[in-house]
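> Handing you a structure now.
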Amino acid sequence: MGTELYLALVIPLALLLLATWMVERNQGRWPVWLERLSRRQALVWNTGIGLIILLSLLRFLLGR
């Protein structure tokens, strides 16, 4: 259980630090690819839902 808790805390923290570093490096501007992606809100939403479904399916199949 310790490993799962460690991963559950470290992965989001690493993503947060990476995003902070990217914003700081560009003096408060988002990277170009992220600005382009944010213009298409439906794409972001659909990608997120697809990722949730894919990861749930992967978890189900690996758990068997």
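Just so it is clear, none of the values below were taken in a lab; they were calculated from the coordinates. Model, not experiment: these values are computed from the prediction. Here the Cβ is made from the backbone with ideal geometry for all residues, glycine too, and neighbour counts use every protein chain on show.
> Go through the range 33-52 and count every residue that is over 14 Å from the mean Cα position of the chain (by Cα), farther than 19 Å from Met22 by Cβ and assigned to a helix (DSSP H, G or I).
Here the count works out to 3.
> Would you call Glu4 assigned to a helix (DSSP H, G or I) and more than 16 Å from the chain's Cα centre (by Cα)?
yes
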